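**Q** First the structure, then my questions, so here it is.
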Amino acid sequence: MATGIAKGINRGHITEKIDRAPKPSRRKGALGKRVSLCRQIAREVCGLSPYERRILDMIKTGGSSADKRIYKYAKRRLGSHKRALAKREDIKAVNSAERATKAAANK
């Protein structure tokens, strides 16, 4: 946004922006197909860990402040706000998938 003028908010030489290919470090943390598949198989074979089973039980018993209690429990176990929220949503997805399979089996 340079104007070519030496003073002001947009001071400096007028230059052309060079488009560069994104660095490999830009995709750090993105979930790949292989890792996703490995995690899915591990979850299928091993099932839930004890604390995850407890969270699942909290979801099933429910109550008015179940989400908050689940969050607090997960946060104590996992150490951060973001991880706790992600785990809560993950276990909720497991619960809904379980309920869907049971519903399909009953039909």
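Every read-out reported here was derived from the displayed coordinates using simple, explicitly stated rules and does not represent laboratory data. All values reported here derive from a predicted model rather than from experimental measurement. Quick reminder, even Gly has a Cβ in these numbers, built from the backbone with ideal geometry, and neighbours come from all protein chains shown.
**Q** Among the helices (runs of 4 or more DSSP H) confined wholly to the stretch 32-100, which include 3 or more residues that are of a type in the set (A, V, I, L, M) and surrounded by 12 or more Cβ atoms within 10 Å (Cβ to Cβ)?
**A** It comes to 50-61, 66-78.
**Q** Determine which member of the set Thr3, Thr15 is surrounded by 12 or more Cβ atoms within 10 Å (Cβ to Cβ) and of a type in the set (Ser, Thr, Tyr).
**A** Thr3
**Q** Check whether at least one residue in the stretch 19-28 is part of a helix (DSSP H, G or I), touching a residue at least 12 places away in the same chain (Cβ under 8 Å) and either within 30 Å of Lys92 (Cα to Cα) or touching a Cys at 6+ places or on another chain (Cβ under 7 Å) (or both), and report yes or no.
**A** The answer is no, given that none of the residues of the stretch 19-28 is part of a helix (DSSP H, G or I), touching a residue at least 12 places away in the same chain (Cβ under 8 Å) and either within 30 Å of Lys92 (Cα to Cα) or touching a Cys at 6+ places or on another chain (Cβ under 7 Å) (or both).
**Q** Then there's this: Can you tell me which of Glu44, Glu52 is closer than 14 Å to Ile91 by Cα and in contact (Cβ under 8 Å) with a residue 12 or more places away in the chain? So that I can check it myself, show each step before the final result.
**A** Values: Glu44 fails: in contact (Cβ under 8 Å) with a residue 12 or more places away in the chain.
Testing whether each residue is closer than 14 Å to Ile91 by Cα and in contact (Cβ under 8 Å) with a residue 12 or more places away in the chain leaves just Glu52.
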